[in-house]
Amino acid sequence: MGSFSKHLRYREAGEQANAVNVLKHGEPALSLFTSTRILSLNHHIDITDASEKVVYRSISKVISLHDKTDIEDADGNKVAHIERKFLSFHERHYVEMADGKKFELSNELLHIYKDVTNIIGLGWNLNGNVWGLNFEILDENNKIIAVISQKMLSIHDKYCIDIYEPEFTPIVVAILVTLQHMIKDREAANSSN
């Protein structure tokens, strides 16, 4: 296996788990896949299982200063609500899960070599290329929770989420959706400058 495939761990539904992930962490308990609808007025993300059945969906309001987004399960039950803090130096987003658990993601901007993204309120860490969305989510004891990988050169923003701790699936989905919004915000800010 070349070094290219070691860093790009994306795979399509129905394909075997990435060999590097399996070697490092074992087989994932489950895998999810995302795709952003590009012909939608809302920022709409479908999250599917390995059989390509929608298990979660994310829908954002068309015009909102706070970039309000709701995540629902396939039955329409609320899973999480995400809002961007308007005028924040740290690109801060607040997440409230349906069970009342709250946390936030913030990006520290002034690092010379790489950005640092914090998950405040969970004690979790992001390890890897967060802004390329190829990274691991680790708990406070550095135990693997999930590996998220982006498909290169995809107009639909496709991701593979290998989950090792299934009880945290809704939180992992909320983190991925939040990071996608943070990246879109940065791209919009860069294009307007």
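The values are calculated or read from the model by the stated rules, or taken from the named source; none is laboratory data. Note that the coordinates shown come from a computational prediction; the quantities given were computed from them, not determined experimentally. Cβ coordinates were reconstructed from backbone atoms using ideal geometry, including for glycine residues, and neighbour counts include every protein chain displayed. Calculation scope for accessible area: heavy atoms of the full protein, side chains included, ligands and nucleic acids excluded. Shrake-Rupley method; radii C 1.70, N 1.55, O 1.52, S 1.80 Å.
Quick notes on this structure:
- The range 83-102, residues that are touching a helix residue (DSSP H, G or I) at 6+ places or on another chain (Cβ under 8 Å) and at pLDDT 95 or above: 95, 97, 98, 101
- Single unsatisfied condition, residue 190 versus (1) modelled with pLDDT under 80; (2) at positive phi: (2)
- Count of residues meeting criterion [open to solvent by 50 Å² or more (accessible area, probe 1.4 Å) and at pLDDT 85 or above] in the range 154-166: 1
Conditions (1) at pLDDT below 95; (2) surrounded by fewer than 20 Cβ atoms within 10 Å (Cβ to Cβ), marked per residue:
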{"site": "105", "(1), (2)": "yes, no"}
{"site": "108", "(1), (2)": "yes, yes"}
{"site": "111", "(1), (2)": "yes, yes"}
{"site": "125", "(1), (2)": "yes, yes"}
{"site": "128", "(1), (2)": "yes, yes"}
{"site": "140", "(1), (2)": "yes, yes"}
{"site": "152", "(1), (2)": "yes, yes"}
{"site": "168", "(1), (2)": "no, yes"}
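- Residue under evaluation residue 5, criteria (1) outside any loop (DSSP other than H, G, I, E, B); (2) among the polar types (S, T, N, Q); (3) at pLDDT 80 or above; (4) exposed (fewer than 13 other Cβ atoms within 10 Å of the Cβ), criterion not met: (3)
- Within the range 35-58, being at pLDDT 85 or above and either open to solvent by less than 50 Å² (accessible area, probe 1.4 Å) or in contact with a helix residue (DSSP H, G or I) (Cβ under 8 Å, 6 or more places away or on another chain) (or both) holds for 45, 46, 47, 48, 49, 54, 55, 56, 58.
- Any hit, the range 21-34, residues being part of a loop (DSSP other than H, G, I, E, B), at pLDDT below 90 and crowded, with 19+ Cβ neighbours inside 10 Å: no
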